[in-house]
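The values are calculated or read from the model by the stated rules, or taken from the named source; none is laboratory data. Since the structure is predicted, the reported quantities are computational estimates derived from the model, not experimental observations. Counting neighbours? That spans all protein chains shown, and the Cβs are built from the backbone with ideal geometry, glycine included.
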């Protein structure tokens with residue numbers, strides 16, 4: 001069981017199933033979803049069929065996957081105005097400069113949400129794809145999680161002049177004897193995004 005507590009409402013049940021689909025890499029069978037959500041199979045089937053009608057979930061034979069409507073809704077989400085738009089290009093440049101998978105991370109329900117990514121290694125697609133979450137400790141990638149997956153995350157906060165931190169940039173790679181210039185490069189990318197956010201707000205004002 002991945003979820004011990006049963007959902008208390010229809011709406012909560014629907015979102016619990018959607019979250020389970022994400023955890024199962026976007027596709028799963030009815031029994032898998034019902035078991036991982038602690039929802040009776042008949043209830044899970046009814047909710048999934050309702051979500052299918054709304055195109056939030058798509059059904060293919062006996063499998064379910066995240067649907068087009070959920071994708072469209074997700075595309076409108078922003079952790080901070082213009083942050084995703086400005087971060088994506090900077091992440092591509094950071095990945096090219098460091099040869100490390102580069103991500104935009106934002107806090108989410110006690111974990112770290114990968115909001116955007118430029119991945120350099122195929123194996124990082126499971127752990128660091130946009131929409132996935134990872135454990136955090138004091139606002140940073142959990143050291144235990146890094147050790148378990150043989151990864152090192154070099155992070156820098158994206159900070160506004162007000163002192164507000166809207167997220168962080170991280171270069172994630174296999175452990176190396178020396179990080180070299182990676183910390184400075186990551187910090188520069190975070191500052192660039194923060195400055196661009198301020199300039200965009202000033203321009204719009």
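Against the conditions (1) farther than 20 Å from residue 80 by Cβ; (2) free of Cβ contacts under 8 Å to residues at least 12 places away in the same chain, where does residue 149 fall short? Just the number, please.
The single condition residue 149 does not satisfy is (2).
Could you say which residue among 92, 88 is over 15 Å from the mean Cα position of the chain (by Cα), in the same structural domain as residue 135 (by TED's automatic domain parsing) and without any contact (Cβ under 8 Å) to a residue 60 or more places away in the chain?
92
Being surrounded by 15 or more Cβ atoms within 10 Å (Cβ to Cβ), in contact with a strand residue (DSSP E or B) (Cβ under 8 Å, 6 or more places away or on another chain) and within 29 Å of residue 146 (Cα to Cα) narrows it down to one residue among 99, 88; which is it?
On the way: 99 fails: surrounded by 15 or more Cβ atoms within 10 Å (Cβ to Cβ).
Just a single option satisfies the conditions, and that option is 88.
Among the residues of the range 181-197, is any over 17 Å from residue 85 (Cα atoms), free of Cβ contacts under 8 Å to residues at least 24 places away in the same chain, in the same structural domain as residue 95 (by TED's automatic domain parsing) and assigned to a strand (DSSP E or B)?
No, the range 181-197 has no match at all.
Taking the condition at pLDDT below 95, outside any helix (DSSP H, G or I), assigned by TED's automatic domain parsing to the domain that holds residue 82 and more than 18 Å from residue 81 (Cβ to Cβ), does residue 177 pass?
Values: at pLDDT below 95: yes; outside any helix (DSSP H, G or I): yes; assigned by TED's automatic domain parsing to the domain that holds residue 82: yes; more than 18 Å from residue 81 (Cβ to Cβ): yes.
For residue 177, the condition - at pLDDT below 95, outside any helix (DSSP H, G or I), assigned by TED's automatic domain parsing to the domain that holds residue 82 and more than 18 Å from residue 81 (Cβ to Cβ) - is met.
Please verify whether residue 99 is within 30 Å of residue 179 (Cβ to Cβ), over 19 Å from the mean Cα position of the chain (by Cα) and touching a residue at least 60 places away in the same chain (Cβ under 8 Å), treating the condition exactly as stated.
Against the criterion (within 30 Å of residue 179 (Cβ to Cβ), over 19 Å from the mean Cα position of the chain (by Cα) and touching a residue at least 60 places away in the same chain (Cβ under 8 Å)), residue 99 qualifies.
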